Each structure stands twice: as C-alpha cells, then as structure tokens.
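Participant: Following this message is one structure expressed as structure tokens.
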C-alpha cells in the first residue's frame, strides 16, 4: 500500500462523484424519499376507518361512550351490529376495520374496574392497529376519570396495558410502530444504496475500459478497493445522519442510547455492505448484472432481517439464513441503542458478527480481484 | 536495457475454450524501434499485447520483456511500461489535468516532478488552454493525444499501443506518428498494432498476424522485397470482366480494383504478363499489363490467402485446387 497512490484514487473518486448528478441525487434522494414514504405510510393519525358498533348495554352511559369515540373521527360507523359475532363476521369480510363491542354488563364492569369495552381490530393492517390505540385513549366512564385509563405507551412495543378498554388485535399479535421502523430504515437504506454503489462503480470502470488501464499500472488491488470503499463509506455516514435528523425532526424518533454508538453500528453496516458490493463487482460482468446481484442480497435482507416480520416468528431455516445477513445484526444493534438505550458493546455478539462479516468479505474480494483480465 | 532485445516470446499461445486466439507465435522485438503488429480484426493482436504486458496469462509459451519473466514478474514490469488501450480508457468525467495528475500519482512519481512533467506534456501535446476541459468532451484526436500523454507520463522504456489510431482522422494520425518517432528517437521501444497499411509501412519492423498465427515478420522492405516480380498492374477499360477472367487464370492469387486499374498478385511461380494479355484477348478485352512495385498490402494478401478459407468468389476459380 502506498499513501500517494491511495490518495490519488480517493481524490479521483470524489471528483467523479461530484460530477455524477444521478448518484448525488440518489445519495440524498433515496433516504429522504424512503423516510417520508415509510414514515407517513405508518401515520398514526388515521381517520375515518370503517367501523361497526355493537352496543349491547344500550344505556345512556354506553351511548355517551360511543359518541365520545365517534367524536375522535378515527372511526366512522358504516354498519349496524347487534352481537359480537356479527362484528367479527364483518371484520373477516373486510367490510369494517374496527369493531366496538359494549357488553350488557358494561356499567357493572366499569364499577368493578374490569375491562368494559372491547375494540376488535383488523390486525392484518398494522396501520389500523395503531389507530385503535387512539381509540383506547378515549376516556371511559362518567365522569371521565383520567386515571381510569392508562395511556398506551407509544414509544415501546410492549402490549397495551389493560385498561377499561381492551384492544384485541386480530391476525397480527405484533405491533409495528413508526418508532420501530425509522431505526430499521437506516439499515434498509444503507443496504439498498451501499451494495449497489460499490458494485456498480467498479463494474462501470471495467465496462468503460478504465480497469484495463488501471491494472496495467503499479496501483495495487487493495488501493483500488479502499479507494472505492472509503468515499462511499463517507456517503453512507452522510445518509445515516440525514435519516437520523429527519427521523427525529419529522417523527420524533428517540435516540435513547449514545449517538456515538448509533454511528458505530451504522459504520459497521456500511462497511459490511461496501465489502459485499466489492465482492459482487468481482463477479458481475456488466452493470446490469451487478444490479441483479444486488437484488439477491436486498430482498432477503428486507424480508428476513426482522425489519418487516418479527425475527422470532420465522422458521428456524429462515433464521439461520437471516443470521448471515448484516442487516439482521444491525437491526438488533440499532434498535437496542436507539430504543432501549443499550450500549453498543453490551450487544457484542451482533457487533462481532458484523466485524467478522466485513473481514470475510474484504478478504474474498481482494483475493478474487486479480490484476489480470483473465 | 538488456542487450538490444526488448521483447522475446517463444511459442506464445492463448486459447479461449476451443478458440486459438494466439497460436504458437515467436516474436523478437529490438529495442528503441517501432515494431508493428499488422492484422485484421480478430487476428490476435490485442490478445498478444495483453499477454506481453502481463494482463493475460498465456496458455503456453515463454515471454521475456525488458529482461523480466512474464507473467511472473509482471508487477515489476508495470512500472517500466506504458500501455494505451484500444478503447479510450482514461476517465471521461475528469479533466485533462486531473487525468494526468491521477496517472502520475499512480505511477509513483514524486509530486514535484509530476507537476513539471504535466506542464511539459500539456505543452507538448497541445493542451494549453484545455487543461481543465473534461476528457469526455474532447474529439477523437484529442482523446488519443491525451491517452498517449498519459501512457508516457512516467517516461516508460517500452510502450504498448493497441490500435491507437482506429478512431481518428488522417491528420491526427500523421501527427500521432510524428510523436511516436520522437519517442523512438529518445530511446523508447514501441510496439504498436494497426490494421492500416500506411501505418505498418512506417514501422521499423513488423509482424503480420492472421487468425492467431504469425504469418510473416521483418522490415517492410524485406517483406515487400520477397514479392518482387509477383505484382502486376493491369490497365483496361473493362475492369470488372477483366477481373473475372484474370482470377480464373492459374497463378493469380488476387486481383484488386484500384481506380481505373487492376492490381494483380501472382503465386511464387510468376505468370508472365504476356500469358495474361493473351487470356484477356481471348475474351475480347484489350489491356496493358506491366510489373509494379509490391506494397505491404500485397504482402498481406500473399501471406494471408494461404491459410484462410477460400471466399465464395475464389472457390469458383480453378486455381484454388493447388493452393
């Protein structure tokens, strides 16, 4: 390794990046777009969900309770129901997203401090589930005793506490919230852009013939590889900062652990993805192939890492596969740090997994990258 | 420099699957000369050059370049050679100066020397006022000058040029060759591939490649000298019919129409002008036939027709029976 040569490769890379408008647009545009799309898709302030109400008590107190819930505008009654069974049928048919059942003994239950109202939710739609949480905040009973209902803690994923209104989530016992998604989104965006940037950047040089010129000079493989990894690593850190900034600003996502730990975790994921991109680039014959191979990494990452579906709910084989993916480990790290306030070194198994992955990928890439054309 | 031989290759072969891109080629390139590779597309010129500079591993054969064993010592060789690829391979999104700066660093030149050398090259290759222009926005001739400037930035002992003039106009080609002669005078060995006859004629020595085989080598004068007496010029008013008649004559290898005349190449056992005149007269064609100085193009046709498949036109002629 030679400092002057490495510097020259880095300088070249930054100059090219500065002039490549499309890549620049992707660096800034993809995180912003994804954050806003994902962020607002899981908007908690949902309104006018189709609902059915089965008020079996039919007392003045129960009717007032129903009116209070309607006043939130979260639900809009679209059908009449007499029994909980009817509500469930409508829910199954997709005619309604929310069903409210007030039992015959509403007032007695209220007096005893038991669950008095049941809200049935179409849990196959996580958005609806979140909306139901808003309904649960409607004061129950008369006079509305604020302490009678405990506000569900929106900033954690523990089951909603048992108050006078109980929420039964059908079809999806897990709750996914915006808070949970934004840290994961850092991982998704970094996986999507970092692997592709490096893989395509190197294959493009091969396609344009630059590589043939480069390998005929004394520049070494490791210099060429680092020359790609370091600039894009910086890009990754910029993206991370952008998501963190927008996440806290737009969605109030907390960073409960230390900011340094967030960056340590992000940097490891960035390096893991960049080195994987390098390995792909040694295999791909064209930029198009590099994109295709990137998809092979990206799809399992999104589906298996625990970003979309809970990790523990997956079959064992899928879990093993997921353990190979850097994103899985990153999600555990970032959720631990940002949401639970854990220190990154407390989560050392995942930290170690990422480091091992990076070393393995870099070694394979450098070994596979020959200063030869054959 | 090791003796006066820059490149020595013995039994050089490269197979891609069943395709023999280069087949048992022996080469000796003297130092400080311009050595040409002449051959049609797909004749193995690029593959040979890539093997000689250590970018491709030969299937078999020994290579010694500047006293180094290739490909084993290719990494050492890389500091002493310049390589200009067939396709423009500098960075189109960097400026002229940035490209040269990058190459100087990659070639391990100290910063101070590099700066002076870049200024020198900018002046020498007529890039004053264009140093900050992006390479991708330049014309074919300018790109090619830049590529050459980049290849010689570290003053290599040996320069490989792979079809350097395939995308430039004739004037740029002439200027380019002037540069090559200056470099050769300064002591650089140059190996250049081309499919232009006029360029091949300017080389000190050349090798003719066809289908991966070395079919002839020597100085242009030696190569054309071997064809003395085998080239004839036919002046006639009816070139097309005369050509058909002549091609059917035994001993005529080719008859190329050049303007108002036909250029004939005969076998080693020359056919007399008198005979051919007679054959034409029998078909009612009046013609003047006179010997003409052989050119490299004739050499090329003479050496390549032997091991090439007959074209449909040639197959129709009886002379193919003895060739």
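Throughout, read-outs are computed from the coordinates displayed, never taken from laboratory work. Note that the structure is a prediction, hence the values are computed from the model and not measured. Because the Cβ atoms are built from the backbone with ideal geometry, glycine has one as well, and the counts that use them run over all protein chains shown.
Participant: Based only on other Cβ atoms within 10 Å, what is the fewest-to-most ordering of B:155, A:316? Can you show the working numbers first?
Facilitator: Numbers: B:155 14, A:316 7.
Final ranking by Cβ density, sparse to dense: A:316, B:155.
Participant: Determine, for B:252, B:111, the number of other Cβ atoms within 10 Å of each Cβ, and report the residues in order from fewest to most.
Facilitator: Values: B:252 21, B:111 10.
If I rank by nearby Cβ atoms, fewest first, I get B:111, B:252.
Participant: Estimate the FRET efficiency between residue B:120 and residue B:87 by the formula 1/(1 + (r/R0)^6), using the beta-carbon distance for r and 25 Å for R0, to the nearest 0.05.
Facilitator: Numbers: r = 26 Å, r/R0 = 1.06.
My answer for the efficiency is 0.40.
Participant: Rg/Rh for the range A:180-328: what does it come to with C-alpha atoms and Rh from Kirkwood? Present the calculation step by step, with values, prior to reporting the outcome.
Facilitator: Details: Rg = 16.9 Å, Rh = 16.5 Å.
Ratio of gyration radius to Kirkwood radius for the range A:180-328: 1.03.
Participant: Also, I was wondering about something else. Please build a GNM for chain B, connecting alpha carbons under 10 Å apart, and tell me which residue among B:88, B:125, B:16 fluctuates the most.
Facilitator: Comparing B:88, B:125, B:16 in a Gaussian network model of chain B, the most mobile one is B:16.
Participant: Sticking with this one: Given 0.36 nm per residue, what is the gain on full extension from residue A:346 to residue A:59 after removing their alpha carbon distance, in nm? Spell out each step's value before the answer.
Facilitator: Details: separation 287, 0.36 × 287 = 103.32 nm, distance 5.48 nm.
Roughly 97.8 nm would be gained on extension.
Participant: Springs between alpha-carbon atoms under 10 Å, Gaussian network over chain B: tell me which of B:237, B:150, B:136 tops the mean-square fluctuations.
Facilitator: B:237
Participant: If R0 is 30 Å, what FRET efficiency do you get for residue A:207 and residue A:32 from their C-beta distance, rounded to 0.05? Let's see the in-between values first.
Facilitator: Working: r = 29 Å, r/R0 = 0.98.
Efficiency, rounded to the nearest 0.05: 0.55.
Participant: I'd like the FRET efficiency for residue B:175 and residue B:221, computed as 1/(1 + (r/R0)^6) with the beta carbon distance as r and R0 of 25 Å, rounded to 0.05. The partial results should precede the final answer.
Facilitator: On the way: r = 25 Å, r/R0 = 1.00.
Result of the calculation: an efficiency of 0.50.
Participant: Once a ≥ b ≥ c are taken as the square roots of the eigenvalues of the Cα gyration tensor of the range B:52-164, is the result rounded (a/c under 1.5), prolate (a/b larger than b/c) or oblate (a/b not larger than b/c)?
Facilitator: Values: a/c = 2.61, a/b = 1.72, b/c = 1.52.
Prolate shape, in that a/c is at least 1.5 and a/b is the bigger ratio.
Participant: What list do you get for A:348, A:249, B:177 if you sort them by fewest beta carbons within 10 Å?
Facilitator: Numbers: A:348 12, A:249 9, B:177 18.
In order of increasing Cβ crowding within 10 Å: A:249, A:348, B:177.
Participant: Over all residues in B:44-51, what is the mean tally of Cβ atoms on other chains that come within 10 Å of each residue's Cβ? List each step's numbers first, then the result.
Facilitator: Working: counts 0, 0, 0, 2, 0, 0, 5, 2.
That average works out to 1.
Participant: Same structure again: Please report, to one decimal in angstroms, the Kirkwood hydrodynamic radius of the protein assembly as shown built from all distinct Cα-Cα pairs. Before the final figure, lay out the partial values.
Facilitator: Numbers: mean 1/r = 0.0316 Å⁻¹.
Kirkwood radius, the protein assembly as shown: 31.6 Å.
Participant: Could you list the residues of the range A:343-366 with an amide nitrogen less than 12 Å from a label point located 7 Å from the Cα of residue A:222 in the Cα-to-C-beta direction?
Facilitator: Residues A:363, A:366 fall inside that zone.
Participant: Can I ask one more? Seen from all sides and averaged, what is the projected area of the convex hull of the Cα atoms in the range B:1-109, in nm²?
Facilitator: On the way: hull surface 33.0 nm².
Directional mean of the projected Cα hull area for the range B:1-109 stands at 8.3 nm².
Participant: Using only the alpha-carbon atoms of the range B:5-217, report the extent along each of the three principal axes, biggest first, to the nearest angstrom.
Facilitator: For the range B:5-217, the Cα spread along each principal axis is 48, 35, 34 Å.
Participant: Taking only C-alpha pairs under 8 Å that are 6+ residues apart, what is the relative contact order of chain B in percent?
Facilitator: On the way: 585 pairs, mean separation 59.9, N = 323.
That works out to 19 percent.
Participant: Which shape class, rounded, prolate or oblate, goes with the range A:285-372 when its Cα gyration tensor gives a ≥ b ≥ c as root eigenvalues, a/c under 1.5 marks rounded, and past that a/b bigger than b/c marks prolate?
Facilitator: Numbers: a/c = 2.40, a/b = 1.50, b/c = 1.60.
Because a/c hits 1.5 or more and a/b fails to exceed b/c, the range A:285-372 counts as oblate.
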